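Trainee: Take a look at this one; I'll ask things after.
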Amino acid sequence: MTIYKKSVYCKNCEDCNQRSSLFQLLTPEETIILNEDRFEVQFKAGENIAKQGTILTHIINLTSGYAKLYIEGINDRNLLLNLIGPYSIVGGPGVFTDQRHHFSVTALEPTSVCFINLVNFKKIINMNALFTAKFLEHLNLKQAMLYDKLISLTQKQMHGKIADALIYLSEKIYLTQDFDLTISRQDLADMTAMSKDSAIRILKELEKDRIILINGRRISIPRMELLKEISAKG
C-alpha cells in the first residue's frame with residue numbers, strides 16, 4: 001500500500017528544483033505555480049506508479065529510487081522501454097494528446113515520486129520559452145533513444161541485443177561497469193524482446209568468455225570494448 005507522507009528526500013520544492021536541470025530554469029513566480037497541488041508518494045518495490053491506459057493527470061518526477069517504463073503487450077508480454085532514476089521526469093505522448101498513460105511505470109525498489117499537476121505544468125510551458133525548449137530537448141532525446149532501441153530489437157541477433165542492454169545499464173543508468181542489477185532476469189528479457197531462458201543463456205555465454213562477470217545480482221564488465229564490439233556487429 002502506498003504511503004502518503006513526506007520522505008527524508010522531500011525537504012522542500014525549491015531544494016528538489018535545484019537538482020533538476022529543467023526546473024532550474026523557472027522563475028520564483030513560475031516555481032510557485034508549479035508547486036501548487038504537487039504531492040509526494042512513496043512506493044514499495046513492485047508497486048505500480050502509473051498504469052498503461054489510465055488517465056494522465058500529473059507529471060511523474062522521481063526523487064529517489066529506480067523504476068521501469070514498459071509497454072504492456074499481447075499475451076502478458078511486456079516491452080521494457082527504459083529505466084529511470086532520481087530526478088527523472090516522465091510524461092509521455094499523452095501529455096499533449098489524449099491525456100492517457102501509453103506505458104506503465106513500476107518501482108524497482110523503494111521509490112519516492114513527486115506528482116506535478118499537469119494543468120500547472122502546461123501553464124509553465126506557455127510562460128517560459130527556455131523551459132519549453134529544454135523540455136522539448138528532453139523529449140527528443142528520449143525519442144532518439146527509442147529509435148536506437150528499435151534498430152537493436154529488429155535488426156540485431158540475441159548477443160547484440162544483450163550487449164546493448166548491458167551497455168545501456170552500465171553507461172546510462174548505473175554509471176559504472178560494476179553494478180548491482182536492480183531489474184530481474186525477466187525484466188532483462190523484456191528489455192531485449194527475448195525469452196527469459198534465451199537471455200539467461202546469452203548472459204552465461206558472455207560470462208564463459210569472461211566478457212562479463214556475474215555474482216548473484218552483481219554484474220561486472222571487465223571487457224567493455226569486446227561487449228561494444230558485439231553490439232556493433234549485432
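Trainee: Heavy atoms only, probe 1.4 angstrom, no DNA, RNA or ligands counted: give me Tyr87, Tyr70 ranked by accessible area, highest first.
Mentor: Largest accessible area first, the list is Tyr87, Tyr70.
Trainee: So what is the orientation-averaged projected area of the chain, using the convex hull of its C-alpha atoms, in nm²?
Mentor: So the mean shadow area of the Cα hull is 13.4 nm².
Trainee: Just to check, using Stokes-Einstein with a Kirkwood Rh over alpha carbon pairs, what's the diffusion coefficient of the stretch 51-182 at 37 °C and 0.692 mPa s in µm²/s?
Mentor: The Stokes-Einstein estimate is 203 µm²/s.
Trainee: Moving on to the next point. With r defined as the distance between the Cβ atoms of Met158 and Ser21 and R0 fixed at 25 Å, what FRET efficiency is calculated, to the nearest 0.05?
Mentor: Between Met158 and Ser21 the formula returns 0.10.
Trainee: Using a 10 angstrom cutoff on alpha carbons, build the Gaussian network for the chain and name the most mobile of Ala133, Ala107, Ala199.
Mentor: Among Ala133, Ala107, Ala199, the largest GNM mean-square fluctuation belongs to Ala133.
Trainee: Please report, ordered by residue number, every helix of the chain (full DSSP H runs) that is 24 Å or longer along its axis going by C-alpha atoms and whose mean Kyte-Doolittle hydropathy reaches -1.0.
Mentor: Sorted by number, the helices that extend far enough and score high enough are 129-155.
Trainee: Sticking with this one: State, to one decimal in nm, how far the label point of Leu175 lies from the label point of Glu47, with both points 7 Å from Cα in the Cβ direction.
Mentor: Inter-label distance under the simple model: 2.6 nm.
Trainee: Checking the cross-link filter: which lysines have an alpha carbon closer than 16 Å to that of Lys156, excluding same-chain neighbours under 8 positions apart?
Mentor: Counting by Cα, and skipping residues close in sequence, Lys156 has these lysines nearby: Lys228, Lys233.
Trainee: Taking the Cα centre of the stretch 33-93 as origin, work out the dipole magnitude from +1 charges on Lys and Arg Cβ and -1 charges on Asp and Glu Cβ, in debye rounded to 20. Write down the numbers at each step before the final one.
Mentor: Working: 5 positive and 6 negative charges, 37 e Å.
Using Cβ point charges on Lys, Arg, Asp and Glu, the stretch 33-93 gives about 180 debye.
Trainee: Could you bin all the Cα-Cα distances of the stretch 140-234 into 10 Å bins starting at 0 and give me the percent of pairs in each, rounded to whole numbers?
Mentor: Result, from short to long distances: 17, 54, 27, 2 percent.
Trainee: A follow-up question, please. What accessible area per residue comes out for the chain, rounded to a whole number of Å², with a 1.4 Å probe?
Mentor: Accessible area per residue: 53 Å².
Trainee: Roughly speaking, what is the stretch gain from Lys122 to Leu146, that is 0.36 nm per residue apart minus the C-alpha to C-alpha distance, in nm to one decimal?
Mentor: Result for the pair: 6.2 nm of gain on full extension.
Trainee: Leaving out ligands, DNA and RNA, and with a 1.4 Å probe, what % of the accessible surface on the stretch 104-143 is carbon or sulfur?
Mentor: On the way: 1150 of 1850 Å².
Solvent-exposed carbon and sulfur of the stretch 104-143 make up 62 percent of the total.
Trainee: What trypsin sites (Lys or Arg not before Pro) does the stretch 141-234 have in DSSP loop regions with at most 11 other beta carbons within 10 Å?
Mentor: Values: sites: Lys142, Lys149, Lys156, Lys161, Lys172, Arg185, Lys196, Arg201, Lys204, Lys208, Arg210, Arg217, Arg218, Arg223, Lys228, Lys233; in loops: Lys156, Arg210, Arg217, Arg223.
Within the stretch 141-234, the qualifying trypsin sites (Lys or Arg not before Pro) (loop, at most 11 other Cβ atoms within 10 Å) are Arg210.
Trainee: Further, regarding this structure: Sequence gap at least 6, Cα distance under 8 Å: using those rules, report the relative contact order of the chain to the nearest whole percent.
Mentor: Working: 390 pairs, mean separation 45.1, N = 234.
Relative contact order comes out at 19 percent.
Trainee: Given Cβ point charges of +1 (Lys, Arg) and -1 (Asp, Glu) and nothing else, what value in debye, to the nearest 20, does the dipole of the stretch 24-175 about its Cα centre take?
Mentor: With only Lys, Arg, Asp and Glu charged at Cβ, the dipole is about 360 debye.
Trainee: When you take every Cα atom in the stretch 18-72, what is the radius of gyration, and what is Dmax, the widest Cα pair distance, in Å?
Mentor: My reading of the Cα-based Rg and Dmax gives 13.7, 39 Å.
Trainee: Mean residue ellipticity at 222 nm from the helices of the chain, using -39,500 (n - 2.57) per DSSP H segment of n ≥ 4 over the full residue count, to the nearest 500 deg cm²/dmol?
Mentor: That calculation yields -12000 deg cm²/dmol at 222 nm.
The values are calculated or read from the model by the stated rules, or taken from the named source; none is laboratory data. Quick caveat: nothing in here was measured; it's all calculated off a predicted structure. Virtual Cβ from ideal backbone geometry, glycine too; neighbours counted across all protein chains shown. These accessible areas exclude ligands, DNA and RNA; they are computed on the full protein's heavy atoms, side chains included. Shrake-Rupley method; radii C 1.70, N 1.55, O 1.52, S 1.80 Å.
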